[in-house]
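Everything below concerns the one structure shown next.
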Amino acid sequence: WDNADFSRGVGTTFYQEFPTLNTDKPPFVRDVEAKVRRYLRSSYSAAWTLKITWEKAPAYGARTDTRRTITYQAVLTTDGFRSYILMLYQAGGMQWDYSRLAATNVLIGYT
């Protein structure tokens, strides 16, 4: 686990909200619903979804090397009763130099 550092003007954060209660669902939301159904083997119909993208995020403390970045997304979704999060990482995985991070037992994900 480590933190991204956007203080040097490298990297960007984007978000997009998808309120889909009683509306047509865009392909992105239909894809999220399909993933939840497949991974959890349950019926699911999203009422609201939020996609957050951290693009080219440098590691905290990487003040001298901002070339090694990571792009990843968190997708939060709920049907009003159950809520889920999908963590999506750019192909190629973690690009941070984990030997220079505060913690060296690095895992990608969340707890």
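The values are calculated or read from the model by the stated rules, or taken from the named source; none is laboratory data. Owing to the predicted nature of the structure, the values given are computational and were not obtained by experimental measurement. Every residue, glycine among them, receives a Cβ derived from its backbone with ideal geometry; neighbour counts consider all protein chains shown. Surface accessibility is based on the protein's heavy atoms, side chains included, excluding ligands, DNA and RNA. Shrake-Rupley method; radii C 1.70, N 1.55, O 1.52, S 1.80 Å.
For Ser42, the accessible surface of its heavy atoms amounts to roughly 40 Å² (probe 1.4 Å, protein chains only, rounded to the nearest 10).
Restriction of the trypsin sites (Lys or Arg not before Pro) in segment 5-59 to DSSP coil positions whose beta-carbon has at most 15 other beta-carbons within 10 angstrom yields Arg8, Arg41.
Share of carbon and sulfur in the accessible area of segment 12-100 stands at 52%, probe radius 1.4 Å. Averaged over its residues, segment 12-100 has an accessible area of 65 Å² per residue, based on protein heavy atoms and a 1.4 Å probe.
Length available on full extension from Ala47 to Lys35: 0.36 nm per residue minus the Cα-Cα distance, which gives 2.8 nm. Taking a sphere under 14 Å around the Cβ of Tyr39 and counting the other residues whose Cβ falls inside, with K and R at +1 and D and E at -1, yields a net charge of +3.
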